[in-house]
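Working notes, beginning with the structure itself.
Laboratory data are not the source of any read-out in this text; all were calculated from the coordinates shown. Source: prediction; values computed, not measured. Neighbour counts run over all protein chains shown; Cβ positions are idealised from the backbone, glycine included.
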Amino acid sequence: MYKKITLSFIFSLLTLITVAQNYPRDYFQKPLDIPLILSGTFGELRSNHFHAGIDIKTNGVEGLAVRAAADGHIVRIAVSPYGYGNAIYIRHPNGYTTVYAHLQRFTEHIADWVESEQYDRESFNVNLFPPAGKFPVSKGDIIALSGNSGGSGGPHLHFEIRDSRTEEPINPLLFGFDVPDHRAPTINAIYAYPLDDNGHLNQRHARTSLSLKTIREGEYAIKWPQRGLGPIGFSIETIDRLDGAWNSNGPYSISQYVNDEKNAEFIVERLSFAETRYINAHMDYDLYSCCNDKVNRMWILPGNHLRAYRSLHNNGVVDVQADSTYELRWEIKDVAGNTTVLTGTLQGEALTSSPAPLQEGTTLAFDQPNFGSIGNFTYQMETGCLYEDVTTTLEELESIPNGYSPVYRLGTRSIPVHKHFYVQLPLSDVPEKYRNQVVVVSLDDDLTRPDSWDGDILNGKVGSEIKAKVRAMGPYTLMIDSVPPSLRVIRGVSNGATLSRGSEIQLKISDDLSGIQSYTCTIDDQWYLMSYDAKNNLLRVELTDRISAGNHTLKFEAVDDRGNVTTLTYTFTYRR
């Protein structure tokens, strides 16, 4: 067995090298002047998406020079309080596009043009496509400073390489960057799943965690032979760590072997944004939902169309027959070729207990539309909302405090949903004066933590109703949002203040239910640029000589999704 593992490792390493040689390994330079130490790798399992690039540590600070990785021209510049924050996209003549995200600020000539466009559009949030040839760059040019903008959880540079034809991100570590990595992935857990009501794993019909033992570094084994019958799937919780950091990164590939025959392989070489939400079918979403455990499912759900799987036999399912033995092996690799091996034995054994009872409830199909109702609640799902057929709960419950309808439970939050679908609730319990402020909310399974969804009021069979587009299963009800957003100045201005160039005003903004729809700043009724840091609920205004010397009126306004408005007004003197 050890000889077979060694030969398999050598073959897999050669395969990785061959894949890497398909990409130019000396074309791009690193985007920062410091050594590349990563806090995130390509294809890592994230909330509702695979990570599309690498996250480069910036020593916990902002303001490092970000350099163009190769000659090209800037084709897109984005500014957003969410996601990538401040980002630059450079297209290169060799057919690739590089992306630099979570930037603190752009270099001056880029920043001046972006600001001009923001004023033309009267919007902080912009997605800009410069005219051809406006921003040519040479390899090594400084294009921005590193930062922490958008949805970033701390200072770093998010860096991507995309195929310019398809916009599909490709694993940047296949392009020859010097990122030292001498550590093999580690395995935290492995789970087995009987997939048939008449099957079992150790006479159990449910997901089972299998005990592991460490043989040596990079080699694990399932502690004792497992016994089962019928179709069985496996999932693995694994992380990879690179040199110089203890961040829990993702592996490059996971291969599953049954009796030395590969029957499933997951490789994060390239991804498509159109497919990235299939992560919720790749993971065991129930484990993620309850415990934040991110495991890689090694069999394919019927509604999972992610293209990262290869060498599939029987969709990765192990069909276990009585009185047969199955030698199992998993190989987990990183891009550097470090490999971890897990082995185990599965013995076919007849079921001695009763088969699993059939679940009662409402059945939802993954491959056809679903619609139904209970009481005056209805739901409509198009084909492809789910990843597999689900039998679940549909019931009407009593209303909750601050609720304006019964609670209607359609499944649980642990059921992943790929596409939006519609729910429709009656407004019969909502006073007429509040109907423009009603929102559909989904709740956690314990009927707490309301999450608002936008909806349209219409006339239905039972009178006025609200129809909302949602993307979560579980309980739903109606609530009223009649409270304006919270908006308060925390520094920089008071009535009668004297301000000058560079003065910064900061405000805290938040909303208790429907969410912030818009935020504006005006000076003497003219729109003025105000940045929004959504993760910190922070608005910032920096005064410049766009303002004339003298007395002015400053106004801030915040509007939530149900039209509730908060306004703050100040007078100040601007001194040049």
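Out of the trypsin sites (Lys or Arg not before Pro) in region 437-531, which ones are loop residues according to DSSP with at most 12 other C-beta atoms within 10 Å? Listed in order of number, the matching sites are K461. Measuring max minus min along each principal axis, the C-alpha atoms of region 486-575 give extents of 40, 23, 20 Å (largest first). Normalising by residue count, region 186-348 has a Cα convex hull of 122 Å³ per residue.
Among the listed pairs K213/K294; K262/K333; K57/K535; K57/K508; K508/K555; K30/K57, give every one whose C-alpha distance is greater than 22 Å.
From K213/K294; K262/K333; K57/K535; K57/K508; K508/K555; K30/K57, over 22 Å: K57/K508.
Per residue, the convex hull spanned by the Cα atoms of region 361-423 amounts to 89 cubic angstrom. Model label points for T345 and S324, set 7 angstrom from Cα along the Cα-to-Cβ axis, are 1.8 nm apart. Placing a pseudo-label 7 Å from each Cα along the Cα-to-Cβ vector at R310 and A189 gives an inter-label distance of 2.9 nm. Over the chain, Cα pairs under 8 Å with separation of 6+ residues give a relative contact order of 11 percent.
Counting only alpha carbon atoms, the long axis of helix 108-121 and the longest principal axis of the chain meet at about 80°.
Angle, helix 2-20 long axis vs. longest principal axis of the chain, Cα atoms, 0 to 90°, nearest 10? Result, in degrees: 30.
Taken along the Cα-to-beta-carbon direction at a fixed 7 Å, the label points for T569 and K555 span 0.7 nm.
Computed from Cα atoms alone, the Kirkwood hydrodynamic radius reported for region 317-358 is 13.1 Å. Its residue count N sets the reference 2.2 N^0.38 Å, and the alpha-carbon radius of gyration of region 38-153 equals 1.05 times that reference. Each Lys and Arg adds +1 at its Cβ and each Asp and Glu adds -1 at its Cβ; summed about the Cα centre, the chain shows a dipole of about 1100 debye. Applying 0.36 nm per residue to the separation of E542 and T214 and subtracting their alpha-carbon distance, the gain on full extension is 112.4 nm. The C-alpha atoms of the chain occupy a region whose extents along the principal axes are 90, 66, 37 Å, arranged from largest to smallest.
Taken along its principal axes, the alpha carbon cloud of region 362-480 reaches lengths of 42, 29, 22 Å, longest axis first. Length gained on full extension, S500 to N125, computed as 0.36 nm times the residue gap minus the Cα-Cα distance: 132.5 nm. One chain, two ends: D389 and N198. Fully extended at 0.36 nm per residue, the span grows by 67.0 nm beyond their Cα-Cα distance. In a DSSP loop and with at most 15 other Cβ atoms within 10 Å, the trypsin sites (Lys or Arg not before Pro) in region 115-180 are K134, K139, R165. Among the trypsin sites (Lys or Arg not before Pro) within region 354-445, those in coil by DSSP and having at most 13 neighbouring Cβ atoms inside 10 Å are K419. Other residues lying with their Cβ under 13 Å from the Cβ of T363 contribute a combined charge of -4, Lys and Arg counting +1, Asp and Glu -1. Calculated mean residue ellipticity at 222 nm for the chain: -2500 deg cm²/dmol, from DSSP H runs with n ≥ 4 weighted as -39500 (n - 2.57), summed, divided by the residue count and rounded to 500. Charges at C-beta only: +1 for Lys and Arg, -1 for Asp and Glu. How large is the resulting dipole of region 379-512 about its Cα centre, in Debye rounded to 20? Here the size comes out at about 700 debye.
Considering only DSSP beta bridges whose two residues both sit in the chain, what percent are antiparallel, to the nearest 5? The answer is about 95 percent antiparallel.
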